[in-house]
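Below is one structure, written out as structure tokens; comments come after it.
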Amino acid sequence: MFEKPSLMPTPRSTVLEDGPAKLYRFHPTTDVALVDAPPVFLVPSMINRWYVLDLRKGASVVEAFVNAGLDVFLLDWGAPEDHDRYFTWADALARLDRMFRRVLRETGKPKASVLGYCMGATITSVHAALHPEKYAGFVNLLGPIDFTKAGHLGTMTDPRWFDAEVVANAGNVSPEQMQSGFKLLRPTQDLSKMVTLMEKGFDPAFRVGYDALDAWASDNVAFPAAAYVTYIQDLYQNNLLLQGKHYVGGKRVDLKAIECPLLTIAADKDNICPPNAAVAINQAVASKDTKVLSVPGGHVGAVVGSKAADKLYPALVTWMKERTA
């Protein structure tokens, strides 16, 4: 019998609570000193649990950053309640900004570096365009920007047959609704997982990673209805962000306002955020220092898979230290 995986291994404290959301600050697990350490703010997706970025020992972006001497904060969006159906995309940006301002207040720094993952990178790109003065650097980790390159998810949400308002009329979009869409991207995935488990399930090294990832993948949250409608209509269906026609709180979002160093990570087998959807941001910003890094794996495996510790984590640490320290 295998023990349950130890998830979220990096020690942390809660710095701020905002509705269901929390801001975490992580503590060093070694003798690494945090005096004058560059602050790094991590923004995961709103519709998945945050701890994909701190899944388990050896498979954790948080752990890699903390062990490198960075001062790491993370926004946990939390799980929306039924009344959060009225929580808008603009509300999400306002919450992100409050958390960001708290990071700067806690560290006494005028700027911080930000890593956004998946939809967290998309919403961070909006925030960075609206508040460029707060950014020392920005990492887009598998976040879609050009939604004309969104692949199968773009096809599924085509306005000719998909009405986001109808989907959201009943309230928050449930995890089951969203997961059914993701499963259509790989309809044989469950069968493939069963076969893999039968082949490798008694290998302890394999099992610890499999069980940790399976626990995270089964722990999903709803998408606030109002925010969902804007996300689908403005971005997936009309690609307004890349065109400079996306508005938040009456303000136009212009990606050209982003001038800080920018690193975009694209995964070669990503069917949720195809590489071309992510790397489009590099041509859209005004930054003079832009870079694209291609890593092996899919949308989640690239971040917590067996190769992440060898390629992704060292590259992230090096980039952060060289450009934003």
- [ ] Just name the residue that is surrounded by the fewest Cβ atoms within 10 Å (Cβ to Cβ) out of those in the stretch 124-176 that are touching a residue at least 12 places away in the same chain (Cβ under 8 Å) and aromatic (Phe, Trp, Tyr).
- [x] Phe162
Open item on the list: Any residue in the stretch 263-282 that is without any contact (Cβ under 8 Å) to a residue 40 or more places away in the chain sitting within a Cβ distance under 9 Å of a residue that is buried (at least 23 other Cβ atoms within 10 Å of the Cβ) and in a helix (DSSP H, G or I)? List the pairs, counting only those 6 or more apart or interchain.
Closed with: Asp268/Ala302; Lys269/Ala302
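Could you list all residues from the stretch 30-51 that are among the hydroxyl-bearing types (Ser, Thr, Tyr), part of a loop (DSSP other than H, G, I, E, B) and modelled with pLDDT of 65 or more?
Ser45, the sole residue that qualifies.
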Open item on the list: Please go through the stretch 234-270 and give me each residue that is assigned to a helix (DSSP H, G or I), under 20 Å from the mean Cα position of the chain (by Cα) and under 13 Å from Gly151 (Cα atoms), ordered by number.
Closed with: Tyr236
TODO: Of the numbered conditions (1) at pLDDT below 95; (2) more than 30 Å from His246 (Cβ to Cβ), Lys109 fails exactly one; give the number of that condition.
DONE: (2)
Task: Some residue of the stretch 92-99 being in contact (Cβ under 8 Å) with a residue 60 or more places away in the chain, over 22 Å from Asp214 (Cα atoms), assigned to a helix (DSSP H, G or I) and among the acidic types (Asp, Glu) - done: no
TODO: Scan the stretch 302-325 residue by residue and report those that are crowded, with 18+ Cβ neighbours inside 10 Å and more than 21 Å from Val40 (Cα to Cα).
DONE: Gly305
- [ ] Quickly run through the stretch 216-254 and pick out the residues that are in contact (Cβ under 8 Å) with a residue 40 or more places away in the chain, farther than 30 Å from Ser60 by Cβ and among the aliphatic types (A, V, I, L, M).
- [x] Ala225, Ala226, Val229, Ile232, Leu242, Val248, Val253
- [ ] Look at Tyr231 and say whether it is at pLDDT 95 or above, within 17 Å of His127 (Cα to Cα) and not in a strand (DSSP E or B).
- [x] yes
Open item on the list: Glu63 - would you say it is more than 20 Å from the chain's Cα centre (by Cα) and outside any loop (DSSP other than H, G, I, E, B)?
Closed with: no
- [ ] Among the numbered conditions (1) closer than 19 Å to Val62 by Cα; (2) at pLDDT 95 or above, tell me where Arg323 comes up short.
- [x] (2)
- [ ] For the stretch 271-293, name all the residues that are surrounded by fewer than 17 Cβ atoms within 10 Å (Cβ to Cβ), among the aliphatic types (A, V, I, L, M) and not in a strand (DSSP E or B).
- [x] Ala286
- [ ] Looking only at the stretch 97-156, count how many residues are touching a helix residue (DSSP H, G or I) at 6+ places or on another chain (Cβ under 7 Å) and among the acidic types (Asp, Glu).
- [x] 2
Task: Output for the stretch 263-272, where each listed residue is hydrophobic (A, V, I, L, M, F, W, C), under 19 Å from Tyr313 (Cβ atoms) and out of contact with any helix residue (DSSP H, G or I) (no Cβ under 6 Å at 6 or more places or on another chain) - done: Ile265
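The values are calculated or read from the model by the stated rules, or taken from the named source; none is laboratory data. Predicted model, so just to flag it, every value in this text is computed and none were measured. As a convention, Cβ positions derive from the backbone with ideal geometry for all residues, glycine included, and neighbour counts pool all protein chains shown.
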